[in-house]
Every structure is written in C-alpha cells, then in structure tokens.
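The values are calculated or read from the model by the stated rules, or taken from the named source; none is laboratory data. Since we're looking at a predicted model, the values are computed, not measured. Note that we place each Cβ from the backbone using ideal geometry, even for glycine, and neighbour counts take in every protein chain shown. Keep in mind that these areas ignore ligands, DNA and RNA; they rest on the heavy atoms of the full protein, side chains included. Shrake-Rupley method; radii C 1.70, N 1.55, O 1.52, S 1.80 Å.
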Number of protein chains: 2
Amino acid sequence: MSVIADVLRQPFGRPLRRRELPHQVLAKKFALPVFASDALSSAAYATEEILKVLALAGAAYFFHSIWLSLLITGMLVVLLLSYRQTIFAYPNGGGAYIVARDNIGEGVAQLAGAALLIDYILTVSVSIAAGVANFASGVHQFMHAIPDFNPNARVIASVVVLLAMWYVNKRGVRESGRVFAVPTYFFLGATLLMLAVGFAKASTGNLHDVQGVNDIIRGGQSLTIFLILRAFASGSVAATGVEAISNGITAFEEPKSKNAATVMFWMIALLAVMFVGITRLALVTHAQPSSSETIISQLGRTVFTPHSPFYVAVIFGTAAVLVMAANTSFQDFPRLAALHAGDGFLPRWMTDRDNRLVYGFGITVLSLASGLLIVVFQADVSRLIPLYAIGVFISFSISQAGMVIRWRKTAKLRPGERLPSYSPEGVIVTTLEHDRHWRWKMAINALGAVVTAVVVVIFAFAKFTEGAWVTVLLVPTLVFLFFRIHHHYRAVREELTLRDLNVDEYLESPLRRMRILAVGSLDRHSLPALREMLQSGGRGLTREAVHVDTGEVGSAALRRLWTDHGFDALGVPLVTLPSEFGGGNIVGDLVDYVHGILVADPAIQVELVIPEWTEAGEWWQWPFIRGLHHMTGTRLKFAFLNEERVSVTNHRYVIGQTRFAPPPPV
Amino acid sequence: MSVIADVLRQPFGRPLRRRELPHQVLAKKFALPVFASDALSSAAYATEEILKVLALAGAAYFFHSIWLSLLITGMLVVLLLSYRQTIFAYPNGGGAYIVARDNIGEGVAQLAGAALLIDYILTVSVSIAAGVANFASGVHQFMHAIPDFNPNARVIASVVVLLAMWYVNKRGVRESGRVFAVPTYFFLGATLLMLAVGFAKASTGNLHDVQGVNDIIRGGQSLTIFLILRAFASGSVAATGVEAISNGITAFEEPKSKNAATVMFWMIALLAVMFVGITRLALVTHAQPSSSETIISQLGRTVFTPHSPFYVAVIFGTAAVLVMAANTSFQDFPRLAALHAGDGFLPRWMTDRDNRLVYGFGITVLSLASGLLIVVFQADVSRLIPLYAIGVFISFSISQAGMVIRWRKTAKLRPGERLPSYSPEGVIVTTLEHDRHWRWKMAINALGAVVTAVVVVIFAFAKFTEGAWVTVLLVPTLVFLFFRIHHHYRAVREELTLRDLNVDEYLESPLRRMRILAVGSLDRHSLPALREMLQSGGRGLTREAVHVDTGEVGSAALRRLWTDHGFDALGVPLVTLPSEFGGGNIVGDLVDYVHGILVADPAIQVELVIPEWTEAGEWWQWPFIRGLHHMTGTRLKFAFLNEERVSVTNHRYVIGQTRFAPPPPV
C-alpha cells in the first residue's frame, strides 16, 4: 500500500541526498554474482549462436563447434591474464576509458568509450531477448497446452521486462550482492548439475538424443573459411562482460586488487567450464538450433524430463541470470556516460545524479536505445548478435594497448621510484613503479591487445553485411559527435575566460542602470514590485514605471494614484505608452520602448521588473489557469532572452496564498 | 518570388501595427457581396436538402418542396422586417450577443453567443463540403473520363481548402469588397440566367427531364408529419447568414443604417427568388437527389448542356460563392469570441490581435473545429445539416426577444427624450427614443422571436436523433464553460482588489530585502550580475553571494577572488554551501538555502540574482545548445514559481554577442 501511495505521489520515491549514497563493499562471494552475471550469462547463448552459423552448412559440421569453443576459451585465458595486470595497475578502477585516457590520449579514450557505450546497449537487448526466449521455451515445453510464443509476443514481453528494469533503476535500487547472488548461484548450480548428470548419463549410455525439436534451422551453404570465421565471431560473444570487474575494483573488500583478481579467475573458469560443457553436451545429444526453442531448453529436457523440476530450474535460472546481466548495463552505461560528460564529451549535466542519486538520463537513454533495437530486430537474439561484441573487443584491444604503453613508461623508472598519474580532475588513477618483470608483463598485454584486435577484424569482416556495419558506422559517428560537443564546450570556455580582462576595472566601472517597472493594472499583484521599486537605490540608478494604455479604465486610476502619492517626486515617474498593437498585447510596445532606451544610451543597463501573478494549485490545474491569462511576463522574458543589457525580474503574487498581513515583529 | 521568400522568413508576413488596421467603408454594391455571400450561398443546397428528406418517402412527394420553400420564404420576410428594426436601433452593430446583453442580460447573451459560435463552425464545414461537392459534380460531368470523387478524395479536398483558408486568414487578408464581388455576382448572374433560360425553355416545352443521375437516394418510409417537419427544418438552413448585416453596420457608407437595410432587402429578395426558383425548376425537370451529383449540377446540365460554358459557369460560380461563404465565418467567429473574451467569458487574450492584426487564435480554433467535423462527417453535407442552423435560430429568437424588451423600454420615454445605453466598456450601443409606432414594431419583433423559436423546437425535435443532439448538448456545455471562466476571473479580481487595503501604509512599510547572487563559476558570464550587485543599494538591503561547492576547481578560485578584492568588506560576503545532491545539480541546495532564510525571517523578501548565459543562434540551434547545459537558471525559476517572497532576476551573457568593451562617452 505504501509503495502504491508513494508511486502516485512521487513515481520514483522520495528525493535522496548525496550522503545517502551507499558505500557498500562486497565480499568475494557476493562480488562474483554482481560482476560476473553478465559474463556467465553469455554461456547461455554462445554455443547456440555457433551452431546456428554452422547449421547453414549442415548439421554434419556441428563438430567444429567444440574446437571453436576451446579456441575462444584460450582467448578468455589471455584476457584473464592481461586484465589481471590492469586490476593491479588501476586499483581505483581501470575501465578501458580510463586506461586509454591515462596512457594513449583523449581521442582514443573517446573511441573506447563510444564502443563500450554501444555494447552496453546491445547487452541489454541481447540479454533480455535471450532471457525471454528461454522463458518461452520453458513455458512451451513444460505446459504443452500453450502454443509457442509468436514474435510479437516475444517483442512485447521483452519491452515489458525493459520497462520494469527502467523503472527499478530510475528508482535507484542499487546493485546489491544479495539480490544478485540468488539467481546467479541458482543458474550456476542448475547448469553445472545439468552438465554433470548429462555427462554421467552419457558415459553409462543412458543419454538419448534430443527429440521433437520444431523450426530447426538449416541451410544449403558449403562450409567455407568465411563461415568458420562467422561461427567463431558468434561464439566470441562469450567474452562480453569480462571487463566488468576492472571497472568495479573499488567495490571489493581489501585487499581490493587481489580479491578482484581471484574473483576474475573464478569467473573465467566457470564460464569456460559451462561454455565448453554445453557445447560438448549439445554435440553428444545432437541438439539442433531452432527458431523456437533454445539449446539450453533442449539439453535440459533431454538430460532431465520436460516436466521435471530440474528442467524448470535450468530454464528459469537461465532466464533470471540473463535479466540480471541486462541489469548490469544499467549501472555501467550511465556511469561511463558520466565519465565522458565529466571530460566534456557529452552534455555536462549527465554527470548529475538525479533525485534518487542515479544517473537518470543515462538510464532512460539506454532504455530507449535498447528498446529500439528490440523492436527493430523483433527480439531475435540471432539477428542482434552480429551487432554485438565488436564494441567490447575494440575496448579490450585499446585497453590492453594502453597497458603496453604503461609498461614502457614504468621501464624508465628506477627501482623504488613511484610516479603517480592523475585524472583531469586531479585524482590519482595509477602509480607507476619499476617492475623487474615488465618485459613479460608487457608481452602478455601485447598478446591480449593483438588477439582482441584480430577478433575485431574478423568480426567486422565476417559479419559486416549481417549487421556489423551498423556498429562499424555508429562508433565513429559517436566519436565525431563527442568531439563536436567538446569543441562547443571549449569555445564557450574560451569566450567566457577572464584572461585579458581587467576584472577590477570592469567591476568598478560606474554602472548606469535604469529600473523599469512594467505596470499593467493597479491591484494587489503589482504592489510588492512597486514597494520594492520605491525603496530600491544604488549608484547610477534611474527609476520609472511604464504603462501601456490599451484604452481600459485602469489607466486613469493608475495615473491618479501616481499624482495622489507623488511618486514622481520620489523619483519614479510614470511613462504612459500608446498601445501600438491590438488589445492587451503589450509585449511589442514594451520591447520597442526598451530597445529605444538601449539605442539612445549604449552603456545603460535596463532592469525590467515584471509583477506577475500565479495561482497555487495542483499541477494539472496549471495549464487551465495559465491558459486563461495573457502570460505577459513569460512572453517578455522570451522577448529579452538574447539581450544581455536587459535583466528581467519577476515579482510573483500567488492567488490564494499571498497575504498582505503586517509583518510580525522580529 | 518575394512571397515565397516572405513565407520562408515569416510564414504569416511582416508584423503589422494597429494603425495599419484598414478602416474601409463599403458602397452598397460591394457591401452586398461581402455580407450576403453566406446567406445567398445557402440557396445552393437548401432545395437539395428538402428533396433528400422527401425522397425517403418517395419521389411522388417531391411536390411538397414548393410550398415548404414558400413557407421558408415567408419566414425570411419576417426576419427581414424584424432585423430591419435591429439595424436602425443598433447602428454600431446589433449582433444577437450585443442585443441580448443590452436588453436581457449577460446569461442570455452567453447563450446566444455560444449558439452562434457553434453555427459559425458549421457554416465553414457545410459550405466547404457543399462547394467541394459541386466542384466534384462539375468535374465529373464536364469531363466524363474522370471517375466520380470518392468520399476520401472529398474529405481531402475539403481539408486542403480549409487549410488554405486558415493560412489566408492568419496572414490577415481582409474582407475586401472587390474580392468578394466577383464570385458572388458571378454566382448570382449564372444562377439567375439558368433559372431564366430554364423557365423560358419550360414554357415553350423545350426543357427535357434530368437524365443519367447515378446514386439516386430513395427510401421506403411513409410520409408523416414528422418527415414534413424534417424537410422544413432542412430547408430552413436557407436562412443562415441572414444575421450578418446586423453585425457589420459600421462597414456601410453613410447613412449606415439606411444603406444596410436596403442591402438586406436585396439580399432577402435575391435569396427568395433563387431558392423558390431552384425548387420549382427541380420539380419541373424531375431532378433527383443523389449522393454523387448536386441538384445544381443536374439543373445546370439539363438547362444548358454538360459541355456548355454556361454549365461550367453555374457550377464554378456555386463552388466559389460557397467558399466565400465559409470565409465570412473566419471574420465572424473570432470577432464574436473576442466579444465574449472582452466580457470575461472566454480567455482574455482572445481579445488580442496578433502580429497581423487578426484574432489568430480564433481563426485556428475555428479551423480545427470545422476540420474535425469535416473528417468525422466525411465532408457529407446531408450528414452535417442536422447539426446546423439550430444555433442561428436560437440567436435569431434571442435577438428578437431582446428587441421586444427594448421597445417596451422606449415606451416609457416621453417624446423627444433620448436615453443612451452603454456597453460594459462604456461605449454607446443604442439610444432609446420614444416611437409613436412602438406597438407595431414590437409586434413585428415578437412575431420574429416566436417564429424562430418555433423553428428551433421543430429542429431539435425532428432532427434530434440524426445529429441535432450534438448541438443541443454543446450549447449549454459551452455556456457552462463560459460561466466557469467568468467565475474564475471574478474570483481573481476579487482577491486582487485594493479595497480594504491601506496602500500608503503598505508601500511605505519598511522592506527587509536580501539580495542573493547565485554564483557558480567565475567567468565573464557572472561579472555583469556581480557588478550590478556591488553597485546596488536601497533601504533595508542585505547582500550576499552564494556558491554551491560541488568539488570543482572553480570553488577555490572564487574564494580567492572574494578575498583579493575584499568584497566582504564591500558588504557582499560569499556563502559557500556543500552540495547535498549529485554533481552539478545545485538547484536543490539553493532552494533549501533560500527556504531557510524565508523561514528564519517571515518578513524578508529575497531577490535571487541568477547570471545565465545563452547563445546567439538560429532558433533551430536552440535546443541543441540548451541541451548541452544545465539550465540551472531555468530550473531555479520554476522552483520559485509559487513563492511570492522570492523574486528572480536573470542577467544574461550572450555568447558571440556580449562584449566588455569600455562604454562610449555619452
């Protein structure tokens, strides 16, 4: 109940203050699920994507999948070794953006960041689509009565999950180890159990083949090197998410770097076991890639039975871990965007946390972009995959290349010498020290850089026409945009700089000010501004009230008041302008009048004072109330928006709220 | 070319001033087309609508149309006699709204006005639809190759005509006698020629029957009194537009009232001749109401031949005059809405003329509403007719009832005595004088009031289920809305009144003011506000600068500047607030701070000064530029929208425009 009331009042919950930001550190057992769900979850679809490519040449070639998965596992080991070194070198967080900025330069950092941003969007789309596909397979198999999900239902289900994720993240539910632990360990347990039971049955000859698969994917192509490369590229998505730990080292318990490295080891080991195991089991059981049932579902119902609780556990564990994986992008994307924004390559306000202390705008942009992809590609994992993972591998390669440069820098230091390296904001991002083994370590990072660069080229080449061109075009476009934004900020800063300006002289140069009260009718709403006007002063100030006579009765009363009170004598004469425009449309007249003053005295500063009245009321009444009035004040403000010699002051009288009671004694 | 350039630059043309309003007076020969096109054009469809109702009982009953048209003509004579008296009584314009307000009261005037406003909307829809129908019939008959207009093409054509009309009227092309004269006299000439030739041929036995009519309308009902009443109601649309002259007397040459009366006589005479003539000719030639060809087209091609230029003249003259008729509503509707608005029953700003001195908003509302009707009713005249004319007859009846009351008032005056009657704005609307024949004249107006009231009842009764219910519900709804608006204005005026307030005491009560400069970073954009701050003064003024420290480097520079220049000693201390919210999001901190001040001193007035910078640029660059910055100023203004004790002042620095050059000597 209280949540409902809360949502009705403030859809995202009560505003939080910065001190309420949680500063949680995670024990290893909780850090693993938080940072590994993205990487581990790719085991759920990597095998399937390899088989789908090989299926184009025929099921006879499925055996290639096993050595491809082993090759990819080899690459994972290279990544483990190189990222281990990054983790120790950048204990405050060593994402590709930071490593590139620190070692290579701003431009390359933008490239790494743009590539990663695009990949985070795809992580959301792919993970949700894969999660929904597994869920659909499970429901279909477990309850035969229900017909297969059609593509529209798949899209709708994916969008609903996405909306829920957007809402939860906008409310600012933080990545909590405990929340992540349940589905991730559940998924690990169920998958490893399935593999164990499967291989045990197989060794005793009790495992039958997968049966009753509908919508089997087949093709009539011949097996070319090109097709093998495509299959390899598809399988490489298994490596996505591996970089997550290097971004989040600060969330680990002390010793941070060491714990992070340990968790990274376990993550890669588990991922390798599951990926190779699933691929092998799929071969043993002759699983068939299908457009309506996932490989995981086929394996699960063959190892167990479609109605067994173990099958259900495998399927829903998989769906749940995929949703968790999508959710990690909701942390990573806005944080990376804020890094770009902080360096002036994305709008500055993207560094602001909103009411709920989350980067709300980044969350919304991520949701919109991945929602667009889901709709365009009909929530079909196989159609999304060609766009995916290029970005991650670009950032891998740049990050490792940065590490190579870093090793070269340490080589110049004497033993014992320490050289801190600072971020643009002046925070230490790394400390360079001499390392006896720098040559070996540099070689490892160089190997990582080269291997991942080769994968990028294979990707772009093998999958270009299938969709990789989108990413290949998008990354440089984003980088171009980032630099345009940066250029704008630099130009503005350049113009606003105080250099070459004698500030003292400027501030002390005598100001000629003209304070003009725009007075329409004489009633309570104009009195506070008039009182302030009568009591204001200062050096070089001229004051007057201006009234546009639209032929209404109020004009005479106003002139009478002025004479009766002798405001002229108090230094505030009343100027009456004839209305040049129709009816109550006085904006044009006031603009003309003020422009006349500005032209007549090129040094004068005009202070236009506008008494406005507004009404206390619910927000939904606002357009109706405003709709009934001229909004002269608002229109005047717009008219002088680009006029630097006119400042506009609003005095507000709030109907139903303002009282002219005598002030209480203080 | 120049028009195109003009449209690209300012789609509605250069702004005009009030003195450019034309003050045209019209000779009778030009006044007739201007004011009569609406009334005369109804002859083009009145007969057809009678026949379409009678057709439901069968073509055998078409002969009833002739006496129905004579009965309606009799009603037109009654209207002529009663409106003649209105014209002399209200020489400054005697529309139903004004007559009702002057004699009966505000409430009834609202009713008359609401009814007329609805009818003006229908005039546009019906006239355009009828014009397009005639045009379509003509094109189809003249060029047999072209297939008949389908309903969609009809709707599209009608909407295109409507859009063109909206544009022309927004640009403010004024009703010019000459522009109206051509199509109206052309229509009159062509129609009268058709009638003359037709009856001449008929008398010599040379007129054959109408042949080759497609889509003939037939029905199987029996002829009931109810059907006759419906036919009468449909034919009564002939009387729409008759009131136009009484609204526009001031546009006539002197002697205005006499000339207006003369033109009204000719208008009614011509309308009667055409209406009865067309009805009679349709009977003689056995014309058949059809859903794809108008009666006018049938008569024209039977009297002449489908390929004769005379037929073309009849058809296009009819289409043109119908478009002219629609156009008159574009004058009448906004003018009447402005009257309502002036009395506070519609938003006040509806009395404002826009850049081009037209009531632009009224023009747009009229276009949208009639466009909606065109689309909903598929531009089908017969489906629109049941909604039409009730409003006009309601206003006729109220207007004549008002005249009856006026005669009773004159009866109380002595001969020679003159009693002017004023509008709420203090303008003389009529002058009461004793009239020897007041009883007779009152009887005429009473007859007019009763006859038109009877027609309203017949309308509402006979056409209720066919669509009249829409109008019957809409009129009171509008009146209710008008009074709600009026109530709002009265409540606001009541609250803002100076009654019970000692103005002198209030204005002289000493003011405690706190002027707060919100300073973010120290660069050129904040200097003008700082200079103004340092040089400002007045009774009871405290000054300070507030800075929210978001941990950026600028904060230290700012504090240094303050110390170096001794601004504290000048009375402007710098208050630094810790940032409670994320990043550059300082609005919340400033709001909290200001609220603290307001609570601490319940009598203090806060003047928040916000230096903002903006950029000179094309309007389309604006969202991009603004999108790159925090817009803290805008957000602060919104935050204090309902806070009467805080006035917000904006100082603007315009990038690419503002220069800190030394002021030239004056």
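Tabulated data for the structure shown
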| read-out | value |
| --- | --- |
| Accessible area (Å², 1.4 Å probe, nearest 10) - residue A:135 | 90 Å² |
| Convex hull of Cα atoms in the protein assembly as shown, direction-averaged projection (nm²) | 66.6 nm² |
| Heavy-atom SASA rank of B:407, B:613 (probe 1.4 Å, accessible area, largest first) | B:613, B:407 |
| Folded to 0 to 90 degrees: helix A:177-203 orientation relative to chain A principal axis, Cα | 20 degrees |
| Förster-model FRET efficiency, 25 Å R0, residue A:433 and residue A:250, C-beta, rounded to 0.05 | 0.80 |
| Order of exposure, largest accessible area first, which applies to B:262, A:279 with probe 1.4 Å | B:262, A:279 |
| Additional length obtainable on full extension of the chain from residue B:153 to residue B:505, 0.36 nm per residue less Cα span | 119.7 nm |
| Heavy-atom accessible surface of chain A: percent carbon and sulfur, 1.4 Å | 65 percent |
| Protein heavy-atom accessible area occluded, A/B pair - total, 1.4 Å probe, Å² | 8600 Å² |
| Within 10 Å of each Cβ in A:597-610, the average number of Cβ atoms from other chains | 2 |
| Reachable lysines, given that their alpha-carbon falls under 21 Å from the alpha-carbon of residue A:463 and they are not under 8 places away in the same chain | A:52 |
| Estimated FRET transfer efficiency (residue B:599, residue A:491; beta-carbon r; R0 41 Å; 0.05) | 0.45 |
| Cα-Cα pairs of chain A separated by more than 43 Å (percent) | 42 percent |
| Relative contact order (percent, whole number), chain A, Cα cutoff 8 Å, 6+ residue spacing | 19 percent |
| Cut-off under 5 Å, modelled amide H: who pairs with residue B:577 long-range | B:547, B:548, B:549 |
| FRET efficiency, residue B:413 to residue B:81 (Cβ-Cβ, R0 30 Å, nearest 0.05) | 0.85 |
| Shortest-first nm distances, residue B:509 label point to equivalent points in other copies (7 Å, Cα→Cβ) | 4.1 |
| Candidate lysines for bridging to residue B:409, where Cα separation is under 29 Å - those fewer than 8 sequence places away on the same chain excluded | B:256, B:258, B:441 |
| Helix axis angle, B:469-496 relative to chain B longest principal axis, alpha carbon, degrees | 30 degrees |
| In degrees, nearest ten, helix A:438-462 long axis to first principal axis of chain A (Cα) | 90 degrees |
| Region A:411-489 versus region A:316-344: alpha-carbon centroid distance in Å | 20 Å |
| Helical mean residue ellipticity (222 nm; -39500 (n - 2.57) per DSSP H run of 4+; nearest 500) of chain B | -19500 deg cm²/dmol |
| Heavy atoms of residue A:243: accessible area, 1.4 Å probe, square angstrom to 10 | 10 Å² |
| Pair residue B:60, residue A:178: separation of 7 Å Cα→Cβ label points (nm) | 9.1 nm |
| Rounded to the nearest 20 debye, dipole of chain A from Cβ charges on Lys, Arg, Asp, Glu | 2040 debye |
| Options A:483, B:542, B:76, ranked by Cα towards positive dipole end of the protein assembly as shown, top entry (Cβ charges) | B:76 |
| Sequence of A:641, A:122 when ordered by accessible area, the most exposed leading, probe 1.4 angstrom | A:641, A:122 |
| Chain B - accessible surface per residue (Å², probe 1.4 Å) | 41 Å² |
| Listed residue (B:226, B:249, B:190) projecting farthest to the positive dipole end of region B:167-259, Cβ model | B:249 |
| HN-Hα J in Hz across region A:106-119 - Karplus 6.51, -1.76, 1.60, θ = phi - 60°, x for Gly and Pro | 4, x, 5, 4, 4, 4, 4, x, 4, 4, 5, 4, 4, 5 |
| Check: the protein assembly as shown dipole with +1 on Lys, Arg Cβ and -1 on Asp, Glu Cβ, in debye | 560 debye |
| Nearest-first distances (nm) between copies at residue B:255, label 7 Å from Cα via Cβ | 11.5 |
| Area of residue A:154 that stays accessible when all protein chains are in place (1.4 Å probe, Å², to 10) | 40 Å² |
| Occluded residues from region B:331-377, i.e. those whose accessible area drops by 50 Å² or more once the chain is not alone (1.4 Å probe) | B:349, B:352 |
| Those residues of region A:201-245 whose amide nitrogen sits under 19 Å from the label point placed on residue A:67, 7 Å along Cα→Cβ | A:222-236 |
| Cα-based equivalent ellipsoid, region A:148-286: semi-axes from gyration tensor eigenvalues, Å | 32, 24, 19 |
| Listed residue (A:381, B:306, B:405) projecting farthest to the positive dipole end of the protein assembly as shown, Cβ model | B:306 |
